[in-house]
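The values are calculated or read from the model by the stated rules, or taken from the named source; none is laboratory data. All values derive from a computational prediction rather than experimental measurement. Every residue, glycine as well, gets a Cβ built from its backbone with ideal geometry; the counts of neighbours run over all protein chains shown. Remember, those area values only see protein heavy atoms, side chains included, never the ligands or the DNA or RNA. Shrake-Rupley method; radii C 1.70, N 1.55, O 1.52, S 1.80 Å.
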Amino acid sequence: MPTNSLEQVDVTVGGFAAEFGHAQSGVISYVTRSGGTRFTGALEIQTAQLAPESYRTNWNRLELNLGGPVYGPLSFFVAGTLTGSQASKDDGFPRVWVTDAATGEPIPGAMVRVEGTTLANITNTAGFYFVNEV
């Protein structure tokens, strides 16, 4: 879910009533944005291309949202995210994509540790980790 499509995020912890299915740990509630009476939009670009050469991961992310009126009380809101990485750079450093073995989907936020060292980091939203210190 694109982060710029969220209006509100509520995190509630503890024991809950039947309204939340008697949850015993926590509930995360997302409220997405909606269209309005005037056109709005946002574009966000994140890139690793501006980092020093030795720290570049060639990772890029683009988020876009657009909303506004259609006719009368009818409005719209759309949001999307594009994430990509260029793996063509051959500098001898390993690049790691962490994916689910069953689905092939990337796993963001996975801890990657180089065994026998103190090197470790967490994968980005594309399930990608660049090891530049080996």
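The table below lists the values:
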quantity: Per residue accessible area in Å² of region 29-73, where ligands, DNA and RNA are left out and the probe is 1.4 Å; calculated: 70 Å²
quantity: FRET efficiency for Thr12 and Leu66, using Cβ-Cβ distance with R0 set to 25 Å, rounded to 0.05; calculated: 0.20
quantity: Calculated FRET value between Asn58 and Val78, using beta carbons and R₀ = 30 Å, to 0.05; calculated: 0.60
quantity: Separation of the Ser25 and Thr47 label points, Cα + 7 Å toward Cβ, nm; calculated: 3.9 nm
quantity: Solvent exposure ordering (accessible area, 1.4 Å, most first) of Glu63, Glu7; calculated: Glu7, Glu63
